[in-house]
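Presented below is the structure to which this report refers.
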2 protein chains.
Amino acid sequence: MSASPYREFHLIEELLQQLPHHRRQGGILKTGAGDDAAALHTLHSPVVTTDTQREGVHFQRAWLTGRQLGQKAAMVCLSDLAASYATPQALFINLCLPENTDQPYLLDLYRGFGDALETYGGVLAGGNISSSRENDLAIDLFAIGEGYAPMPLRSNARPGELLCSSGYLGLARAGLHALMHGHHAPASLLEAFRAPRARFDAAPILHTAEVTTLMDISDGLQGDSEKIASASGVSIELHIAQEHLHPDLREYATQHHLDPIAMIAGGGEDYELLFTCSEQQLKSIRTKLPTVQVVGRILPRGAQPVTGAAGASFVHGVDWKP
Amino acid sequence: MSASPYREFHLIEELLQQLPHHRRQGGILKTGAGDDAAALHTLHSPVVTTDTQREGVHFQRAWLTGRQLGQKAAMVCLSDLAASYATPQALFINLCLPENTDQPYLLDLYRGFGDALETYGGVLAGGNISSSRENDLAIDLFAIGEGYAPMPLRSNARPGELLCSSGYLGLARAGLHALMHGHHAPASLLEAFRAPRARFDAAPILHTAEVTTLMDISDGLQGDSEKIASASGVSIELHIAQEHLHPDLREYATQHHLDPIAMIAGGGEDYELLFTCSEQQLKSIRTKLPTVQVVGRILPRGAQPVTGAAGASFVHGVDWKP
């Protein structure tokens, strides 16, 4: 039952100073000064999501700067709001700090949280910092958004529809591979792992087109397709062809004798949007979102939920809602 | 980057089965089946709080059953809503599971979450389960309530007012002492540590009486008084007298040569409500809440924020809101 070395109030003050003023107060936050809880303004269609980033499970500190980690951790959580037709309002961040965490690193981490809020919107509305007797830094995030349309459910996919991604996949997996093995890799791959972007730009286009299902790709095309197949009671046939490969992914895979298809199927963390729609809907979407790729099609339920691609699943955890 | 051993969807299904049906769906939850996020019904005055319970920092598994731990972890988070004039609506729980966590323990933990929701209200609306390469179980909780009155701020205390607690203090500290040292102790002390209760019963009475500040006592009387003193720009003189000692605390302290005053001042986790009010307000409160104790008075700002009691602070972490 150790006392926290981070008790000092001025540390928190200093951490918050790393964020732009309007990301520390204002917006949805009713009470700027804090108490046991944060009081928010009315939320008409609250959308809530949570995520964990844990050293040794989701990242190694050597792979990213503190600022990159902060930006990515916040982005990962906010990405679920993009996929739920919601705009970010409030972010809450709990940190478990090992004793070897130095203050400059922490300040950098908060600058990263600030970067994500600056990019995607919302304010930092609270959190909790506790010390840890272990060596792993853990970041738990909770985000609240305001929905601008009913949340598209995973259970709406129907046979005959197409499975699409909002952009190239597998880049983050290749970037991670390079970091894990100390390989040289093009910036496009390393950035895909270190600084992926939530597709808040693409989501409203998919909403206007009335796509039937929508989620972000965090666990890899195969794993996430399985979730849609399972929720919708359908099977999904994946088609990953040469045209789906980003040139840098193709080159990296060739160089290191890797299967790029397996990296797309099994690799997570691209945070592109995965959705189902009709051929006709796709046509209209492509006029506004030319990066869309068709990566599969929906079939009646068969023996396997997902067919057509190999590749080990690359999950970190289990997201669930009752 | 290990794959989670808890990936299986049926585990989550089984965990949720430990909760009463109406605590898994319904209530504030708009979408019963889950996706990337949880969609909630309109919240007019959302009040949000978060808390972390971490093995080795906040608890040892040997001190409580899984069910007691689950109940307490959820209660600790919900208690902040009680102190903020809000009623629980939705609870989100993130777990970091070490590999040595067995399934019966997990099921028991969820029964405990269910117990707390059954007692205080709200539904389990989501969460995240990830594996850990370390040995410590970590529980991150996030609770959303609907405010029934403006949140009483810590900055409202004024000289001349009284500092009061909704009930006896120091019992949880004595219970923890007994568990840490393997001493025999009366159930009242052990229960105060293992199964404290959030004072949702007392909060509306304090609201009706229009107390000026309100918070729950999680870090001990001294530490929490310091927060009020600092936020309000006042000093607080604590008065802890013999009449404030629960008979079981007095006896335990005598038996083990401990200072019961220091246990009250420094011991946290009683989760009684701490508030400030006038003499006249106190009279009216006491007719409905006879357990109230006057534990100090508010003075103009002096050299020390809090005077009148010794006792080491016993904090776990730092709660903050920008």
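FYI, it's all coordinate maths here, none of it is from the lab. Computed from a predicted model, the values in this text were never measured in an experiment. Cβ placement follows ideal geometry from the backbone for every residue including glycine, while neighbour counts extend to all protein chains displayed.
Numbers at a glance
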| item | result |
| --- | --- |
| Alpha-carbon Rg with Dmax, taken over chain B, Å | 20.1, 61 |
| Using a 7 Å Cα-to-Cβ projection, A:SER278 label spacings across copies, nm, ascending | 7.0 |
| DSSP-defined beta bridges in chain B - what % are antiparallel, rounded to 5 | 75 percent |
| For chain A, size of Cβ-based charge dipole, Lys and Arg +1, Asp and Glu -1, in debye | 580 debye |
| Selection from A:GLY127, A:ILE28, A:ALA73, by position along the positive dipole direction of the stretch A:9-147 (Cβ) | A:ILE28 |
| Rounded to whole Å, sorted largest first: equivalent-ellipsoid semi-axes of the protein assembly as shown, Cα gyration tensor | 47, 24, 23 |
| 37 °C / 0.692 mPa s Stokes-Einstein diffusion coefficient of the stretch B:154-307, Kirkwood radius on C-alpha pairs, µm²/s | 211 µm²/s |
| Computed [θ] at 222 nm, helices only, for chain A once each DSSP H run of length n ≥ 4 contributes -39500 (n - 2.57) | -10000 deg cm²/dmol |
| Normalised contact order of the stretch A:6-154, rounded percent, pairs of Cα under 8 Å and 6 or more residues apart | 38 percent |
| Label point 7 Å beyond Cα along the C-beta direction, distances from A:SER230 to other copies (nm, shortest first) | 4.5 |
| Inter-copy separations for B:GLY26, label at 7 Å along Cα-Cβ, nm, ascending | 4.3 |
| Relative contact order (percent, whole number), chain A, Cα cutoff 8 Å, 6+ residue spacing | 22 percent |
| Size-normalised alpha-carbon gyration radius of the stretch B:9-147, reference 2.2 N^0.38 Å | 1.00 |
| Separation of alpha-carbon centers, the stretch B:206-270 and the stretch A:215-252, rounded to whole Å | 57 Å |
